[in-house]
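Following: one structure in structure tokens, then a few remarks.
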Amino acid sequence: MSDTSPAGRVPAIELQEVTKRYGRLEALRGVSLKIDQGEFFGLLGPNGAGKTSLIAIIAGLNRASSGSVRVMGHDVGNDYRAARRALGVVPQELVFDPFFTVRETLRITSGYYGLRHNDDWIDEILENLQLTGKADANMRALSGGMKRRVLVAQALVHRPPVIVLDEPTAGVDVELRQTLWKFIGRLNREGHTIVLTTHYLEEAQALCGRIAMLKAGQVVALDHTARLVGQFGGGTVRLKLEGPPLPAALQPRLHGAPRTDGRVELHLEDWSELEGVLRILREAGCTVSELETEHTDLEDVFLRIMSEAS
Amino acid sequence: MTGFMTLLRKEVLRFWKVVVQTVAAPVLTAVLYLLVFSQALSAHVQVFPGVDYISFLIPGLVMMSVLQNAFANASSSLVQSKVTGNLVFVLLPPLSPLEIFGAYVLAAVVRGLLVGLGVFVVTALIAPPLFHSPLWILAFGLLGAAILGTMGLIGGIWAEKFDQIAMFQNFLIMPATFLAGVFYSVHSLPPFWLAVSHLNPFFYMVDGFRYGFFGQSDVSPVTSLLIVSLTLIGVAAVALRMLQTGWRMRH
């Protein structure tokens, strides 16, 4: 059976062959994915890859055209109450209810989840997201960053075991990012499963233990972050050459066009190849006057996977 | 239950925070209707024997206010949430279709009855009312408000923009309430229009409501009660079905 993780616990999120069509557009084409409890999981992909569609389906905001979706073992259709209770979602759009203050908003959201006396936890969330001073401010009066914090707070009022953040740091200042990741990191250490979509790949690389990459509605890569980055090993070496032009044997490694000032960027699959590259240069009579190296990061991996998968 | 109560409370708070606009303004409008129409027409019209025009008009205006405001509450709240995107706050939590239905409709009933009460209190100062049978008044007030609240919910689910809901309101709800015999007895109409009026469920709401005040009506209040109840069941079934399938709400 596929419905338990190696540790014998139900997966936090389990998707099986999920498809979604909007008219003739196929937004998701058979996505299967299992996210274990306690993971910090990244969902990456270019705009239009289907990330937000997928999240909307997990959250019950949209319905899949086919396939099954479970949150903590609960089907999002048949057992929607339990599935939604287990899930906290921070939506991508900066939405708010202009009639209420921050505290009213959080009390109302708590009530929707059946929680009556939730003020202790609300205070703790406000404190951790540095919103305490704004508790009695009307939502309309808040800056964009503050509204974003309230959205995060709303997703957490019912202490959901699974928290989904859809681009929570888009257009957000450094301070909030740090505040947010500190708090989310703590929740993750306490056992909450975190699913994150972001366009900031450094953020994903630093935070996520495992990553799925989505392109045109399909999962094109799924692995531990370290393995994903390691799989492409190597990196880039930047050289300034003097003497003859770049030997033909090194042309395939070239990133972009060679520049007239003799600077070139060469790709290495593995750092052990560096010695060979330098030997070819030496034999061709080129002199290396400057050398800089850069390790492959998630951004390189992302760009390569996106250009390969078609 | 807490989820439902919270959504109901939120919906009531939503209009209560702008009470001048949502309650006081419609009361003023209705009172203006009463003053103008009674000035212009009271000398010429006596609809029921022993009931002067101004007294005849008051229950109609009260009911019209109840109906229009019940509709406006549910529809505008929903469309506003859709347009601003904060409907997700209602769609993400574990609220059942029945809870969402109940909360929106009951909040609409509260607003409708509040406005109706306001109109009634103010107009009672102008013309002391009769109370033939208050239970009929209450029954038709509640049912009418619930029907229009439900229709507001349906309209709000259907509409994606403010102008669509305005269209629904101006081309369906307004004509149906105006032509329900608020300002006249349908028996003063030519036979064709009398027959058309009898197809309008709003007519039975107004007629039954008026019976509660005067003990006189165009059709029997029992018939009206039956038709109004069936109408409520019908529109409620449509609204619930829409919420269950997620039509235009969960794509």
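Among the residues of region A:85-107, those that are facing chain B (nearest Cβ under 9 Å) and hydrophobic (A, V, I, L, M, F, W, C) comprise A:87, A:89, A:94, A:95, A:96, A:99, A:100. Looking at region A:283-291, is at least one residue in contact (Cβ under 8 Å) with a residue 60 or more places away in the chain and either assigned to a helix (DSSP H, G or I) or outside the structural domain of residue A:208 (by TED's automatic domain parsing) (or both)? Scanning region A:283-291 turns up no residue that is in contact (Cβ under 8 Å) with a residue 60 or more places away in the chain and either assigned to a helix (DSSP H, G or I) or outside the structural domain of residue A:208 (by TED's automatic domain parsing) (or both). Consider residue A:26 against the criteria (1) outside any helix (DSSP H, G or I); (2) crowded, with 18+ Cβ neighbours inside 10 Å; (3) in contact (Cβ under 8 Å) with a residue 40 or more places away in the chain: it satisfies all of them except one. Which criterion is unmet? Looking at each condition in turn, residue A:26 falls short on (2). Which of the numbered conditions does residue B:106 fail, given that it passes all the others? Conditions: (1) in contact (Cβ under 8 Å) with a residue 12 or more places away in the chain; (2) within 14 Å of chain A (Cβ to nearest Cβ); (3) under 30 Å from residue A:86 (Cα atoms); (4) part of a helix (DSSP H, G or I). Status for residue B:106: all satisfied but (2). All conditions but one from (1) within 12 Å of another protein chain (Cβ to nearest Cβ); (2) modelled with pLDDT under 95 apply to residue A:49; the one that does not is (1). Restricting region B:11-28 to residues that are of a type outside the set (A, V, I, L, M) and free of Cβ contacts under 8 Å to residues at least 12 places away in the same chain leaves a set whose member that is nearest to the other protein chains (Cβ to nearest Cβ) is B:17. For region A:132-151, the set of residues classified as over 12 Å from residue A:105 (Cβ atoms) and either in the same structural domain as residue A:176 (by TED's automatic domain parsing) or buried (at least 22 other Cβ atoms within 10 Å of the Cβ) (or both) consists of A:148 only.
Quick one: is residue A:209 surrounded by 14 or more Cβ atoms within 10 Å (Cβ to Cβ), in the same structural domain as residue A:41 (by TED's automatic domain parsing) and touching a residue at least 40 places away in the same chain (Cβ under 8 Å)? Here the answer is yes, as residue A:209 does meet what is asked. Among the residues of region A:55-70, those that are more than 10 Å from every other protein chain (Cβ to nearest Cβ), more than 13 Å from residue A:87 (Cβ to Cβ) and not hydroxyl-bearing (Ser, Thr, Tyr) comprise A:64, A:67. Yes or no: region B:53-75 includes at least one residue that is under 18 Å from residue B:126 (Cβ atoms) and in a loop (DSSP other than H, G, I, E, B). No, the conditions are met nowhere in region B:53-75.
For residue B:115, are the conditions met, namely being touching a Pro at 6+ places or on another chain (Cβ under 6 Å) and either part of a helix (DSSP H, G or I) or in contact (Cβ under 8 Å) with a residue 40 or more places away in the chain (or both)? So residue B:115 fits the description; yes.
Checked against (1) at pLDDT 95 or above; (2) under 30 Å from residue B:245 (Cα atoms); (3) buried (at least 18 other Cβ atoms within 10 Å of the Cβ), residue A:167 passes all but condition (1).
The values are calculated or read from the model by the stated rules, or taken from the named source; none is laboratory data. No experiment lies behind these values; they were computed from the predicted model shown. Quick reminder, even Gly has a Cβ in these numbers, built from the backbone with ideal geometry, and neighbours come from all protein chains shown.
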